[in-house]
Amino acid sequence: MALWTVHGDGRITDSETVAPQERLSWPLTIGFGVQHLVAMFGATVLVPVATGLPVATTLFFSGIGTLLFLVITKNRVPSYLGSSFAFVAPLAAAREQGTAAQLGGVLAAGLLVIVVGIAVKALGVRMLESVMPPVVTGAVVILIGLNLSHTSTDQFSKQPLLAAVTTGLVLICGVLGRGLLFRLSVLLGVAAVWAGAFVFGQIDDSRLDALREAAWIGLPQLQRPELRPSVVLLVLPVVIVLVAENVGHVKAVSALTGRNLDGSIGDSIIANGLSTTLAGLGGGSGTTTYSENIGVMAVTKVYSTAAYAFAAGFTILLSFSPKFTALLGTIPPGVLGGLTLVLYGLIALIGMRIWTNARVDLTNPTNAMVGGAALIAGVGDLTLRIGTLEMGGLVWGSLLIVILHPVLRWLRAALRPS
C-alpha cells in the first residue's frame, strides 16, 4: 500500500487543505518539507549548544525520532520531533558531571515517558483526559506559544530591520498571496531575507568562518550514557512537560484538521519517549513535538506527514555534513525572530481554539484561577532555583496547570457538591 494518497492531481487550490495521509506532487511536498526544516532548525540546534551536547548527533536523532513518530502514530499525527527546551535547565545544571551523566538523564526521561504512553494506551485516553481535560491541554498550547515569545522578541531586537522585513513578507504572502505564494509563505519570506542578508553583509563573521572551515562530510559523535540518581532526579519534572506537550500537540492538530485524534495520544507519547530514549542512548538531546511546525501548518493548511518525512530524512543527511549544518547556522537571528513572531502567535491562538471548541467555562474558578496563574508563570518566564536545579516558566506553568487543576477540581467537587 502507498504510504500517502495523492491529493487531487498533486496540486492544491487556495481553499483546499491537505490531510495528514495525503501528499501533493513530490516537488511541492519537498518544498513544504523544507519549510518545516527551516522552522525547527534554530531551536533544535540551540538546545545542544546551551547544554554542551553535540549538535550533529542531536540532529541525527531528531530526524530518526521524527520518522519513528510517523510510523508509530500510523501517519495520523503530523509532527517534527526537535530538541525540547524543557531539558535545558536540568542538563545545564548537570553539565559539570559530564556528557555521559547528562545523557543518562535524557535516557531516564525517555523511558518514563514511554511508561506513561503505554499506560495511556492500555487504560484509554479517558484516563488521561480526567487529568488533562481541554482546559489543561489548551492552556499548555497557549503556554508554549507565549513562553517562546521572549525568544522571538529577543532575536527580533538583534536585527530589527531584517526581522521586520521577514515578518512583513511572511504576512503579505500568507494573507494576500494566492497559490504557492500563500502556501510557501514561510519558506519564501525566510529565503528572500536570508539571501539579502548574504548580499548586504548582514551575516555574522564568525558564522561565515565556521561555514568556510566546516568539512563537507563528517560522522555524528555517538556517546554512551551513564545513569546517576542525582541527574535522574533533575530531569523528573521534564517528563510531565513532555507528556503535556504531546497531548497539547495532538489536540492542536485535531483542532486544525477537524479530526478526532484522541486515539493517537498514547502512540504519540510512546513515540516521543522512544525518540528521547534513543537520543539518550546515542548522544543527543531529548525531543518533543515541535510547536514551530504547528505554526507552519496553521499558515499553509498542509498537514501532510510526507512533508515531515522529507524534513526528517534531510535532517539525517545534514547530520553527516558539517558544511550544510553550518550553512543553516548562518540564518540571521533577525530572520528567525521575524518568522517566529508570526508562528508563536499562531500557536497561542490554536490553544485558544481548543478552549473555544470545547466550550471551556472560564467563569469556573478552577479553570480561571489555575489557568491564569499557569499562563502568567509561563509568559513571565518564572524562574526559580531549587538546590542546584533552576527551572523556568515553561516547566512551572506546565506543572501548575497539569498538577493543580485536577487536584483543586476534585477538592472543589468534594467540598461543594451540587
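The values are calculated or read from the model by the stated rules, or taken from the named source; none is laboratory data. A quick note: this is a predicted structure, and the numbers were derived from the prediction, not measured. A quick note on method: Cβ atoms are made from the backbone with ideal geometry, for glycine too, and the neighbour counts reach across all protein chains shown.
Of the residues making up the stretch 79-128, those that are touching a strand residue (DSSP E or B) at 6+ places or on another chain (Cβ under 8 Å), small (Gly, Ala, Ser) and crowded, with 24+ Cβ neighbours inside 10 Å number 5.
Within the stretch 200-214, the set of residues being assigned to a helix (DSSP H, G or I), over 18 Å from residue 56 (Cβ atoms) and not charged (D, E, K, R) comprises 206, 208. Meeting the requirement of 1 or more residues that are free of Cβ contacts under 8 Å to residues at least 24 places away in the same chain, basic (Lys, Arg) and over 30 Å from residue 330 (Cβ atoms), the helices (runs of 4 or more DSSP H) wholly within the stretch 29-140 are 125-131.
Scanning the stretch 357-378 for residues that are within 18 Å of residue 148 (Cβ to Cβ) and surrounded by 19 or more Cβ atoms within 10 Å (Cβ to Cβ) yields a count of 4. Pairing each residue of the stretch 368-385 that is touching a residue at least 12 places away in the same chain (Cβ under 8 Å) with any residue that is surrounded by 15 or more Cβ atoms within 10 Å (Cβ to Cβ) and polar (S, T, N, Q), provided the two are 6+ apart or on different chains, yields C-beta distances under 6 Å for 378/147.
On inspection, residue 311 does not qualify as in a helix (DSSP H, G or I), closer than 27 Å to residue 8 by Cβ, among the small types (Gly, Ala, Ser) and in contact with a Lys or Arg (Cβ under 7 Å, 6 or more places away or on another chain). The residues of the stretch 308-352 that are at pLDDT below 80 and of a type in the set (S, T, N, Q), listed by number, are 325, 340. The residues listed here are 148, 176; of these, the one that is out of contact with any His (no Cβ under 8 Å at 6 or more places or on another chain), free of Cβ contacts under 8 Å to residues at least 40 places away in the same chain and of a type in the set (A, V, I, L, M) is 176.
Answer yes or no: is there a residue in the stretch 266-273 that is hydroxyl-bearing (Ser, Thr, Tyr) and modelled with pLDDT under 80. Scanning the stretch 266-273 turns up no residue that is hydroxyl-bearing (Ser, Thr, Tyr) and modelled with pLDDT under 80.
Among the residues of the stretch 171-191, those that are of a type outside the set (Gly, Ala, Ser), at pLDDT below 85 and not in a loop (DSSP other than H, G, I, E, B) comprise 173, 175, 176, 180, 181, 182, 183, 186, 187, 188, 190. Test residue 135 against the stated conditions and say whether it is closer than 16 Å to residue 243 by Cβ, more than 18 Å from the chain's Cα centre (by Cα) and among the β-branched types (Val, Ile, Thr). Judged against the criteria, residue 135 is not a match. Residue 194 falls short of the stated requirement of being among the aromatic types (Phe, Trp, Tyr), in a loop (DSSP other than H, G, I, E, B) and closer than 27 Å to residue 331 by Cβ. For the stretch 77-85, indicate whether the set of residues that are of a type in the set (S, T, N, Q), touching a His at 6+ places or on another chain (Cβ under 7 Å) and closer than 27 Å to residue 185 by Cα is non-empty. There is at least one residue in the stretch 77-85 that is of a type in the set (S, T, N, Q), touching a His at 6+ places or on another chain (Cβ under 7 Å) and closer than 27 Å to residue 185 by Cα.
Give 192, 197, 210, 215 a once-over and let me know the one that is more than 24 Å from the chain's Cα centre (by Cα), small (Gly, Ala, Ser) and closer than 24 Å to residue 24 by Cβ. On inspection, the qualifying residue turns out to be 192.
Give the stretch 97-115 a look and list any residue that's β-branched (Val, Ile, Thr) and modelled with pLDDT under 90, or say none.
Hit for the stretch 97-115 is 99, nothing else.
Matching residues to (1) assigned to a helix (DSSP H, G or I); (2) out of contact with any Leu (no Cβ under 7 Å at 6 or more places or on another chain); (3) crowded, with 24+ Cβ neighbours inside 10 Å:
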{"residue": "216", "(1), (2), (3)": "no, yes, no"}
{"residue": "219", "(1), (2), (3)": "no, yes, no"}
{"residue": "231", "(1), (2), (3)": "yes, yes, yes"}
{"residue": "242", "(1), (2), (3)": "yes, yes, yes"}
{"residue": "248", "(1), (2), (3)": "yes, yes, yes"}
{"residue": "255", "(1), (2), (3)": "yes, yes, yes"}
{"residue": "281", "(1), (2), (3)": "yes, no, no"}
{"residue": "298", "(1), (2), (3)": "yes, no, no"}
